[in-house]
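These notes concern the structure reproduced below.
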Amino acid sequence: MAPRFFNTYSREVEEFEPRDPRARPIRMYTCGPTIYSRAHIGNFRAYIFEDLLQRHLELQGYKVHRVMNITDVEDKTIRGAREAGVPLQKFTEQFKEAFFEDASTLRIKRADEYPAATDQRYVDRMIEMISALISKGLAYQADDQSVYFRINKFPEYGKLAHFDLTQLQSTGRVKHDEYDKEHIGDFALWKAWDEADGDVKWDSPWGPGRPGWHIECSAMSTALLGDQIDIHCGGVDNIFPHHEAEIAQSEGVTGKKFVRYWLHCAHLLVDGQKMAKSLGNFYTVPDVLAKGYTGRELRYALLRVHYRVPLNFTWEGMNEARESLTRIDEWLARLREVAEGANAQRPTPNAQRPTTTFEDALDDDLNISAALGFLFESIRETNRAMDQNEMDAPSANAWLDWWKRINTVLDLESETDVIIPHEVAQLAEEREKVRREKNWKRSDELRDRISALGWQVRDTKDGSKLTRGAGTE
Ligand code: AMP
Ligand code: ZN
């Protein structure tokens, strides 16, 4: 069955039919970071949802070409550079680097392209698009010399957000001198230079200035993916005005349907409020790592809830993520032992086998909670089979193959080079020694001490092995 996704445009779950999946990859555009400061983990919830979407589509056999833009020029980057007293590029470069570092810590697959808004190639394209909009009567230059989109001339405006135009209020991304505009909802395509912009400016037919945020995405997406793209994503806060404006600009220029599927993820919350820079209630990836958690644990914590459900970030949630991953690690270690024949087990005709349920759940609007529920149910049942000596090597291998397949989506396997703390390693070594001397009582004591340090020791025919966690249930 084809995947089904909730399309913000129609507000319905729709069967996924890309434009031409045989002749070309799926074209996917994801709004990237505004690099005026380090991205917070709320931003990364959006990027992890997009990662899950791409990986699931790829597992289902689609080829995906994904573009993620980097917003390196808008009001906040300019203000930041001015306050820091450095050129814009020098200011944004550090946050761009940090973004890539954090994305890699969270195992987010790299996009195929990361266009930057300040690249002259895209600025040229933005100017070209704005000129086309003016010539079609869809944009105008106001007395303040800035160019605005004329929303009243685009009847579709408001369809994505299901918005009533009479309700329009100004938003933070629009300049405040709105008296120059014909309609309060008209948004800036080109912002005329003013002193606060310093040396951040480009020449244009309308005088020196810089692009508005929305036209940046329209220009970069159509330049790299063509006039019509299959999937466009972002967080729900992007729906209005950003994505609504993107539709108006792109369709205004091309006359073609811009995006087939709009997917938006709900916010990451802190104490019931959106995690946001402006509210000061945010954590960055390094903040979470500094508390002793790994990128893998954070990935799990941000991934585990359905993307359309708001997710409250808590440290308790991080601990739950750690426990869940330990269960997966221990399960894999046990399966590997059985698969290698280390703990020979007898086959049972009723042994449970892997199924496609996990992937079916993801086909259902990326229902990761159901998919993970099925994974842990499988873990429970196969552990029980192994406890009862009822898992033969071929069955264990089948489960490992299944894990390998679903892990191309999850990317949650522990790094192979797990660092075992010195104290734990020493206790394990001593335990090996007393076991050779057949001192079972001392051996059990040492096992308990190792367990108290958060590690589990298992005896195999190749000697004892250590894994993270206090033991399987
Ligand atoms: P920005 O850097 O503000 O343009 O945001 C980058 C991406 O992060 C956008 O797709 C936003 O919708 C998304 N985003 C921002 N805050 C949150 C949050 N608290 N939870 C989930 N996504 C968010
Ligand atoms: Zn965008």
Examine the range 275-288 for a residue that is touching a strand residue (DSSP E or B) at 6+ places or on another chain (Cβ under 6 Å) and without any contact (Cβ under 8 Å) to a residue 40 or more places away in the chain, and state whether such a residue exists.
-> yes
Mind checking which residues of the range 230-260 are closer than 19 Å to residue 126 by Cβ and more than 13 Å from ligand 2 (Cβ to nearest atom)?
-> 248, 251, 252, 253, 254, 255, 256
For the range 261-278, the count of residues that are within 16 Å of ligand 2 (Cβ to nearest atom) and assigned to a loop (DSSP other than H, G, I, E, B) equals 0
Cβ-Cβ under 6 Å pairs, at least 6 apart or on other chains, the range 364-376 side without any contact (Cβ under 8 Å) to a residue 24 or more places away in the chain and over 25 Å from residue 7 (Cα atoms), far side of a type in the set (Val, Ile, Thr) and in a helix (DSSP H, G or I) | 374/357
Is there a residue being more than 20 Å from the chain's Cα centre (by Cα), of a type in the set (Val, Ile, Thr) and within 16 Å of ligand 2 (Cβ to nearest atom) anywhere in the range 182-198?
-> no
If you scan the range 52-108, which residues turn out to be more than 13 Å from ligand 1 (Cβ to nearest atom), in a helix (DSSP H, G or I), of a type in the set (D, E, K, R) and touching a strand residue (DSSP E or B) at 6+ places or on another chain (Cβ under 7 Å)?
-> 58
Output the qualifying pairs, or none if there are none: Cβ atoms under 9 angstrom, residues six or more apart or on different chains, first residue in the range 28-44 and under 21 Å from residue 58 (Cβ atoms) and within 13 Å of ligand 2 (Cβ to nearest atom), second residue of a type in the set (S, T, N, Q) and not in a helix (DSSP H, G or I).
-> 29/69; 30/69; 31/69; 31/71; 32/69; 32/71
Hey, any hits in the range 126-146 for a residue that's within 16 Å of ligand 2 (Cβ to nearest atom) and either among the basic types (Lys, Arg) or not in a helix (DSSP H, G or I) (or both)?
-> no
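Conditions (1) surrounded by fewer than 21 Cβ atoms within 10 Å (Cβ to Cβ); (2) under 20 Å from residue 74 (Cα atoms); (3) at pLDDT below 95; (4) more than 16 Å from ligand 1 (Cβ to nearest atom), marked per residue:
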| site | (1), (2), (3), (4) |
| --- | --- |
| 213 | no, yes, no, no |
| 221 | no, yes, no, no |
| 226 | yes, no, no, yes |
| 249 | no, yes, no, yes |
| 254 | yes, no, no, yes |
| 263 | no, no, no, no |
| 271 | yes, no, yes, no |
| 279 | yes, yes, yes, no |
| 282 | no, no, no, no |
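The values are calculated or read from the model by the stated rules, or taken from the named source; none is laboratory data. Please read these numbers as outputs of a predicted model, since none were measured by experiment. Every residue, glycine as well, gets a Cβ built from its backbone with ideal geometry; the counts of neighbours run over all protein chains shown.
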